[in-house]
Amino acid sequence: MPFHRRVPWLPLFLLAVAGCQPDAARGGAESAFLEAGGAFPSEWTFAADPRPVTATEGMVATTDEYATRVGIDILAAGGNAVDAAVATGLALAVVNPEAGNLGGGGFMMIRLADGTVYAQDHREKAPLAATRDMYLDAGGTVTDRSVVGHLAAGVPGSVHGLWEAHRRFGSLPWAEVVQPAIDLAEGFEVTVRLVSTLEAAQNGIRGFEASAAVFLPGDQVPAVGDTFFQPDLAAVLTRLRDQGPDDFYRGETAALIAAEMERGGGIITLEDLDRYTSLWREPASFDYRGYTVHSMPPPSSGGLTMAAIANIVERWDLGTMGWNTPGTIHVMAESFRRAYADRNEYLADPDFVELPVEQFLSDDYADSRAAAISLERATPSAEVAPGIDAFLDESHTTHYSVVDAGGNAVAVTTSVNSWYGGKVVVDGAGFFLNNTMDDFAAKPGTPNQFGLVQGERNAVGPEKRMLSAMSPTIVEDPDGNLFLITGTPGGATIITTVLQSIFNVIDHGMNVVQAVHAPRVHHQHLPDLVFYEYRGLPATTVQALEALGHTVRERDPGPPDAYFAGGMSGDVQLIMVMPDGTYEGWSDPRRGGLALGR
Ligand code: DON
């Protein structure tokens, strides 16, 4: 399947958007947002008028064209949404190795056509030998060992989770859903995307011989159009096809991981791998203006933090206040600020610490938080909780959304945390290990790589799952029917980005294209800043927010990149069920993904 879809750097991006996704044509979009005279800022990168991708029999939206096609092929072969999601996830591990993974973890939300909802937790775990202060030097300062190298890796969960989801809900034989990933690992044509991410990460990758040997053959980033062969990964996937997860957690692949750990001074052992299991959790579900939102419960902070924010925001009529007006952004930022303060302090692995779950979901909590919001003045975060300043957002996770002809829906967010994780490839196995240990508070009260200042409850501990922001989400309409499937990468910004995709539809009447294209804002309590995307707010809005007392910061677009839009946050994959039961979907152009239907 040869294709090279270059998404040019701004401003060529504007011209390219309509061509990003087949079926997309300019000028045909209809939505309550446009009918009411809604418009994006004139400087903004993405247009409001491409037509969504439409379908009747199913849809797959991912960040990568190969992966989307794998999912669609599985649906066409009679697979259900879970089959397609599992196959897509394994394909992403091959073609999108900066984020797709066997060596990381994630979360999967499933809503079956009968309305039952499931939350699958395949988050990484800290190894048995992990200790609270393992990332501090002798002087008590945080080192980079939670970010780079062997110690940064948690025990991978993706393989167990994908297998378990398929075991429980899949309809095609396991071998059939694994095979497309094997085929891709046996050679696929290098895309601009792979080149771009490898160029960005090559210095880190060079630090590890086995990593460079696979991903920088001849010490070079592969060229677009080269065939990229991953024989070791193909062998791992073949054993996965034939032996299930036993090979990964107890067999030859487990031995390769343990050997890599010994060689590089890591601490994941055969016992850690043997003990790993993914878990089914009770979904975090809440009401937003009559719609029901289902998302991930802890150890993801996503569902509960979204619930807290939504319950506060609901006190104001955002639709009437208008999309991205100073008033609406102010209410959102004040709500984000308060909910993130509580997220950062209270949430962690529920198997290790007691969590105030009811409080996050309760009206009383929202009442008291909302009552403290002034419409005239931003509350400094220092008055909500103690403060610190640091923020960094890079997008290295990935999300995919799937729906089948029967109405089964799956939302998955998966990650190795940073791009290419800790940059360590397991020698002989050809996949990167995560650096998700950095999602713990290496030193409570000190910011991690996303600038999140987290508390004691999320300190490192053996066999503990680190707190996540990943928020795969499924929304039902007020009649209880499937309505939206959404999710995004973006570290700390995941929660606010997913919520804005939902607010854009429910409050502002946007269609899927507009809801994805619309510029986003973010606040995470600390640092005390309202972030907005590059060229995402008009100067008048920024000034109005500043007059309310907000410190407002435009994201830096950074150097031109051949593939990724700079200064942007998120990579939303959004599918909507229309009143007539058909599907409309859109893949975020910020990273050049693809939604396809059938
Ligand atoms: O679980 C989390 O919240 C992070 N490991 C997600 C990382 C991510 O989204 C990377 N992209 N910014």
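The values are calculated or read from the model by the stated rules, or taken from the named source; none is laboratory data. Since the model is a prediction, treat every value here as computed from it, not as a measurement. Glycine also receives a Cβ, built like all others from the backbone with ideal geometry; neighbour counts cover every protein chain displayed. Quick note on the areas: whole protein, heavy atoms, side chains included, nothing else; ligands and nucleic acids left out. Shrake-Rupley method; radii C 1.70, N 1.55, O 1.52, S 1.80 Å.
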* Take the solvent-accessible surface of the protein heavy atoms, probe 1.4 Å, and return the percent of it on the chain that carbon and sulfur atoms account for. => 51 percent
* **Stokes-Einstein D in µm²/s, Kirkwood radius over Cα pairs - the range 294-335 at 4 °C with 1.567 mPa s viscosity** => 117 µm²/s
* Structure fact -> Residue separation between residue 242 and residue 282 times 0.36 nm, minus their alpha-carbon distance, gives in nm 11.3 nm
* Structure fact -> Applying the gyration tensor rule to the Cα atoms of the range 125-274 (axes a ≥ b ≥ c; rounded if a/c under 1.5, else prolate if a/b exceeds b/c, else oblate), the class is oblate
* Asked: What accessible area per residue, rounded to a whole number of Å², is obtained for the range 490-598 using a probe radius of 1.4 Å?
  -> 24 Å²
* To do: Among the GluC sites (Glu not before Pro) in the range 292-379, which ones are in a DSSP loop with at most 14 other Cβ atoms within 10 Å of the Cβ? Mind listing them?
  => 354, 376
* **Spherically averaged projected area of the range 246-402 from its Cα convex hull (nm²)** => 13.3 nm²
* Asked: Across every pair of different alpha-carbon atoms, what Kirkwood hydrodynamic radius in Å does the chain reach?
  -> 23.5 Å
* Asked: Taking N as the number of residues in the range 108-181, what value does Rg over Cα atoms divided by 2.2 N^0.38 Å take?
  -> 1.62
* Asked: With every protein chain present, what is the per residue accessible area of the range 305-429 (1.4 Å probe, Å²)?
  -> 33 Å²
* Can you give me the P(r) profile for the range 471-598? Cα pairs, bins 10 angstrom wide beginning at 0, each as a whole percent. => 12, 40, 32, 14, 2
* Asked: Which value in deg cm²/dmol, rounded to the nearest 500, describes the helix-derived mean residue ellipticity at 222 nm for the chain, given -39,500 (n - 2.57) per DSSP H run of n ≥ 4 and division by the residue count?
  -> -10000 deg cm²/dmol
